[in-house]
C-alpha cells in the first residue's frame with residue numbers, strides 16, 4: 001500500500017454530507033415528518049432509486065433532460081429518479097388491482113438532479129412526499145386533508161409557516177372569460193414569474209402573447225390578489241361567472257370550510273391567486289408554504305391537486321392530491337441561518353474512564369448503564385487529564401472514573417461535567433443521579 | 001393523453017419493492033437497528049449514493065467491476081456505491097482533522113450491485129453498518145464492543161443468532177508455521193470455500209498450491225474446528241508457538257474476556273476457525289452471525305477488524321472494526337419463511353364514517369381523535385355497507401358512525417370491529433374506550 005500513489009479523498013460537488021452530530025438533527029427531522037405522516041394514516045412506500053428510462057421519461061417522450069442521471073447497464077436504459085411522483089404513478093398503475101383507494105402513501109427518499117451546482121441547490125436531496133390517490137374520483141376533502149397535514153408536519157418541526165393556497169381553475173376560468181382560452185398555458189407561465197421578472201416585463205410578455213393592455217392589467221391584478229382566506233375569496237367571487245372560475249371559487253370555499261372543521265389556525269394560511277406552481281399537471285387546489293420570518297427562503301413545501309396521476313401507464317383515472325417537502329434544502333437554509341435545534345458534538349451521556357487495570361470492570365459497568373443511558377468506555381491510550389479534557393470538549397454530561405480502589409469499594413466517582421460536582425456512589429445511585437439530572 | 005400509446009408500468013428486475021404495510025415492518029426494523037446503534041454511542045453518517053469513480057474504484061486501480069453501476073455525467077466519471085465501507089474510508093480520510101477518535105459511526109443506506117438477478121439477491125439493498133475507527137491504534141476492546149452490538153441489535157429485532165468468531169491471525173500463523181507463508185492468501189481462498197466445494201475438492205486445490213498431503217489434513221482440520229468459545233480456544237492454543245498464531249489466540253482470549261464482562265450470553269457465540277470472510281482487508285477478529293433455527297439463511301451479519309481503513313487516500317494509519325447487516329436480504333428471508341412480525345393491512349386505528357351530510361362534523365371529530373389515535377374519515381362515495389365491509393377487510397379496529405342524529409346528540413356510535421360491540425358515547429368516552437382496548 002505504501003508504494004502506491006495516494007488518491008486525494010473528495011466527494012462530488014453539489015452533494016450534501018453532514019457531520020454526524022448534524023446528521024443526528026437531520027434524522028430527527030425525518031423522524032418527525034415520518035411520524036406526522038404515519039399518524040395521519042399514510043403508509044410508507046419505498047420505490048427503487050433506479051427506474052427504467054422508458055418509464056421515467058414517458059412525459060418527455062423518452063428524451064433525456066440534461067438534469068437527469070441516465071445510463072445504460074447491459075442493454076437496459078436506466079435513470080435515477082428525479083422526483084417521487086413519477087415512481088408513485090408507476091407503482092399505482094402497476095398495483096392498481098391490489099391497492100385499496102383512496103391510497104394514502106408517503107415516501108421519504110433521495111432524488112437526483114444533475115443540475116449546475118449552486119449555493120442551496122443539491123444534486124442529491126431528500127424529498128418528503130405524501131399523496132392521496134383516488135380511483136375514478138377523489139372528493140375535495142382530500143385537498144383539505146393534505147393542507148392539514150402540511151400544518152401538522154411543520155408544527156411537529158416547530159417551524160411557523162404560512163400556507164398560500166389557490167386553485168388553478170380560477171386563472172384558467174379568468175383567461176377563458178377574457179377570451180384567451182387557447183393561450184392559457186403560456187399566460188400562466190408569464191403570471192407565474194411576475195415575482196421574478198417584475199410587473200413591467202410581465203406586461204410586455206403578455207402583450208407579445210396577444211393580450212390587450214386592459215386585459216394585462218386585469219390578469220396581473222387578479223394574480224397579485226392575496227390575503228386572509230375567507231374575505232379575499234369573497235372579494236373575488238363575483239369577478240366573472242365563467243364556469244371554471246366558479247368551480248375554482250367553490251372548491252376553495254369547500255377547502256376553507258374543511259380546514260376550519262379540522263381546527264387549522266386561520267393565521268396559518270392565506271388565499272393567494274399568484275400561486276400557480278409551474279407544472280402543468282396541477283388541475284385544482286395548489287399551495288406553497290413559506291416561513292413568514294424568512295420569506296427569502298422561498299417555498300419550503302408545495303403541492304396540489306392533479307386530475308390524472310398515471311395517464312402514461314394506465315387508462316384508469318387516478319386523481320390525486322399531494323404535498324412535498326424538499327428537506328435537504330430546508331435543512332441547509334435552517335443551518336445557514338442558525339435556526340437548527342441544538343446539536344451537541346456527541347450523543348454520549350456517560351463516559352467511563354478506566355484508571356489502571358480496570359477495563360473489565362468498566363465494561364461490566366458499561367453494560368449496566370447502557371440499559372438506560374448512552375454510555376461508552378474511553379479505552380484510548382491517553383493520559384487521564386487528556387481524556388477528561390476531551391470529554392469536556394465533547395460536552396459529555398457525565399464521567400465515571402473507575403480506578404482499582406473504586407472496583408474494590410464498588411463506589412464509583414461520578415463527575416457532573418456541567419457543575420463540576422464529584423460524588424462517590426454505588427452504580428445504582430450513579431444511575432439515579434444521571435437520570436434525574438438528564439430529566440428522564 | 002388518451003391518444004397516446006400507454007407504456008406498460010414495470011420496475012427494473014432485481015429491485016425490492018414492498019407493499020406499504022410490509023414496508024411498515026421493514027421501517028420498524030430499520031428503526032430498531034438505528035436505535036441500537038445510537039444507544040451504543042454510534043453517530044449517524046449519510047454519505048452520497050454517488051461517488052467519483054476515481055475514489056470508489058481505487059482498490060481495483062480504476063477498473064470497473066461489472067457489478068458496479070458506473071456512468072459519465074458531463075466530464076465526470078461517477079459510480080453508485082456498492083458498499084458503505086469505501087465511502088466511510090473516503091469520509092474519514094477527508095475529515096481526519098475534524099473528527100475525534102475513536103470515531104464511531106453507523107450508516108443505514110442503500111447500496112447497488114448490478115449482479116445477475118437471482119432469488120434472494122437484490123441489485124439495490126439496504127445495508128446497516130457500524131464501525132469504530134481509531135487513529136494510529138485501536139485496542140481489541142473495540143472488537144468486543146462490535147460483537148456486543150451485534151448481540152444487542154438482534155435482541156432488539158427479536159431474532160436469535162449465534163455469532164461465529166475467529167481471528168485471521170490464527171490461519172495466517174498456522175500457514176506460516178507449516179512453511180506456506182507465501183501462499184497464505186491462496187490457501188485461505190480454498191479454506192474459505194470448504195463448505196461449498198467439499199473436503200475432497202479443497203484437498204485437491206490445496207495440493208495444486210503445493211501443500212503436502214499431511215499439511216492438507218492439518219489445514220482442513222484446524223479450519224473445521226468450531227465449538228464453545230473458551231474450551232475450543234484452550235484446545236487449539238498450543239498447536240504452534242508461531243507468533244502470529246499466538247497473537248490470534250491472545251486477541252481472541254481478550255475478546256472472550258470482554259464479552260463476558262459485557263454480559264453477552266455465552267450461548268450466543270462460538271469459536272469457529274472456518275470463519276475467514278474472503279475480503280483480504282480483514283486482519284484480526286472476524287465474525288459471521290447465523291440464525292440457528294435457519295442455518296440455510298447463511299450469514300445475516302458479518303464483520304471484523306481491519307488494519308488500515310483508508311490506505312488509498314491517506315498516509316494516516318486508521319485501524320478499525322465493524323459490522324454489517326444486509327437488511328434487504330434478511331427481510332426477504334424472514335418474509336419468505338413467515339418469520340416477520342404481524343403486519344396488518346393498515347395502521348388506521350379509527351375510521352369515521354359519515355352518514356348523510358355530516359362531513360364537517362366528521363372532520364372536527366377526526367382532528368380531536370388524531371391527537372391520540374391514527375384516524376381517518378372515509379369520505380368515499382360508496383354505500384355504508386360497502387364501507388363497513390372494507391373497514392373489516394382492512395382490520396381497522398374501530399369505526400365511528402356519525403349521522404345527523406349523532407351530531408345533534410353528540411353521542412356517537414362506536415363499533416369495536418373485533419367484538420362487534422356497539423356503544424353510543426361522547427367523543428371523550430369513545431377515545432377512552434379505544435385507548436383502553438388498544439392497550440395504550
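Going by the conditions given, is residue A:238 farther than 27 Å from residue A:290 by Cα, free of Cβ contacts under 8 Å to residues at least 12 places away in the same chain and in contact with a helix residue (DSSP H, G or I) (Cβ under 7 Å, 6 or more places away or on another chain)? Considered against the rule, which asks whether it is farther than 27 Å from residue A:290 by Cα, free of Cβ contacts under 8 Å to residues at least 12 places away in the same chain and in contact with a helix residue (DSSP H, G or I) (Cβ under 7 Å, 6 or more places away or on another chain), residue A:238 comes out as no. Mind checking whether some residue in region B:58-75 is surrounded by 19 or more Cβ atoms within 10 Å (Cβ to Cβ) and under 19 Å from residue B:133 (Cβ atoms)? Yes, region B:58-75 contains at least one residue that is surrounded by 19 or more Cβ atoms within 10 Å (Cβ to Cβ) and under 19 Å from residue B:133 (Cβ atoms). Scanning region B:353-367 for residues that are farther than 11 Å from residue B:412 by Cβ, at the interface with chain A (Cβ under 9 Å from one of its Cβ atoms) and touching a helix residue (DSSP H, G or I) at 6+ places or on another chain (Cβ under 8 Å) yields B:359, B:360, B:363, B:364, B:367.
Within region B:349-400, the set of residues being at pLDDT 95 or above and exposed (fewer than 14 other Cβ atoms within 10 Å of the Cβ) is empty.
Filtering region A:409-431 for residues that are in contact with a strand residue (DSSP E or B) (Cβ under 7 Å, 6 or more places away or on another chain) and within 13 Å of residue A:372 (Cα to Cα) leaves a non-empty set. Among the residues of region B:133-148, those that are at the interface with another protein chain (Cβ under 10 Å from one of its Cβ atoms) and under 21 Å from residue B:86 (Cβ atoms) comprise B:134, B:135, B:138, B:142. Looking at residue B:126, is it part of a helix (DSSP H, G or I) and in contact with a strand residue (DSSP E or B) (Cβ under 9 Å, 6 or more places away or on another chain)? Criteria not met by residue B:126.
So for region B:220-231 (the condition being under 25 Å from residue B:139 (Cα atoms) and in a loop (DSSP other than H, G, I, E, B)), does at least one residue qualify? No.
Looking only at region B:12-35, count every residue that is more than 10 Å from chain A (Cβ to nearest Cβ) and farther than 14 Å from residue B:126 by Cβ and tell me the total. Number satisfying all stated conditions: 1. In region A:43-86, counting only strands (runs of 3 or more DSSP E) that sit wholly within it, the ones holding 2 or more residues that are closer than 30 Å to residue B:346 by Cα span A:50-52.
Quick grid of which residues meet (1) over 25 Å from residue B:108 (Cα atoms); (2) in contact with a strand residue (DSSP E or B) (Cβ under 6 Å, 6 or more places away or on another chain):
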{"residue": "A:91", "(1), (2)": "no, no"}
{"residue": "A:96", "(1), (2)": "yes, no"}
{"residue": "A:102", "(1), (2)": "yes, yes"}
{"residue": "A:118", "(1), (2)": "yes, no"}
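The residue that is modelled with the lowest pLDDT, counting only those in region B:97-108 that are within 9 Å of chain A (Cβ to nearest Cβ) and surrounded by fewer than 21 Cβ atoms within 10 Å (Cβ to Cβ), is B:100. Residue-level analysis places residue B:321 outside the set of residues that are in contact with a strand residue (DSSP E or B) (Cβ under 7 Å, 6 or more places away or on another chain) and under 16 Å from residue B:161 (Cβ atoms). Taking residue B:410 as the residue in question, decide whether it is closer than 20 Å to residue A:104 by Cβ, exposed (fewer than 13 other Cβ atoms within 10 Å of the Cβ) and in contact (Cβ under 8 Å) with a residue 12 or more places away in the chain. No; evaluated as a whole, the condition is false for this residue. Of the residues making up region A:55-96, those that are more than 10 Å from every other protein chain (Cβ to nearest Cβ), over 24 Å from the mean Cα position of the chain (by Cα) and in contact (Cβ under 8 Å) with a residue 24 or more places away in the chain number 2.
The C-beta contact set for region B:378-397 (first residue facing chain A (nearest Cβ under 8 Å), second residue in a helix (DSSP H, G or I), distance under 7 angstrom, 6+ apart or interchain) comprises B:379/A:141; B:379/B:359; B:380/B:387. Scanning region A:109-122 for residues that are surrounded by fewer than 22 Cβ atoms within 10 Å (Cβ to Cβ), more than 15 Å from the chain's Cα centre (by Cα) and assigned to a loop (DSSP other than H, G, I, E, B) yields A:113, A:115, A:116, A:117, A:119. Determine whether residue A:334 is farther than 19 Å from residue B:39 by Cβ, within 35 Å of the chain's Cα centre (by Cα) and modelled with pLDDT of 95 or more. Yes; evaluated as a whole, the condition is true for this residue. Taken over region B:41-54, the residue count meeting the criterion of being at the interface with chain A (Cβ under 7 Å from one of its Cβ atoms) and more than 30 Å from residue B:116 (Cβ to Cβ) is 4.
Of the numbered criteria (1) buried (at least 19 other Cβ atoms within 10 Å of the Cβ); (2) touching a helix residue (DSSP H, G or I) at 6+ places or on another chain (Cβ under 7 Å); (3) more than 30 Å from residue A:150 (Cβ to Cβ), the one residue A:425 fails is (1).
The values are calculated or read from the model by the stated rules, or taken from the named source; none is laboratory data. The structure presented is a predicted model; accordingly, all values stated were derived computationally and were not measured. Quick reminder, even Gly has a Cβ in these numbers, built from the backbone with ideal geometry, and neighbours come from all protein chains shown.
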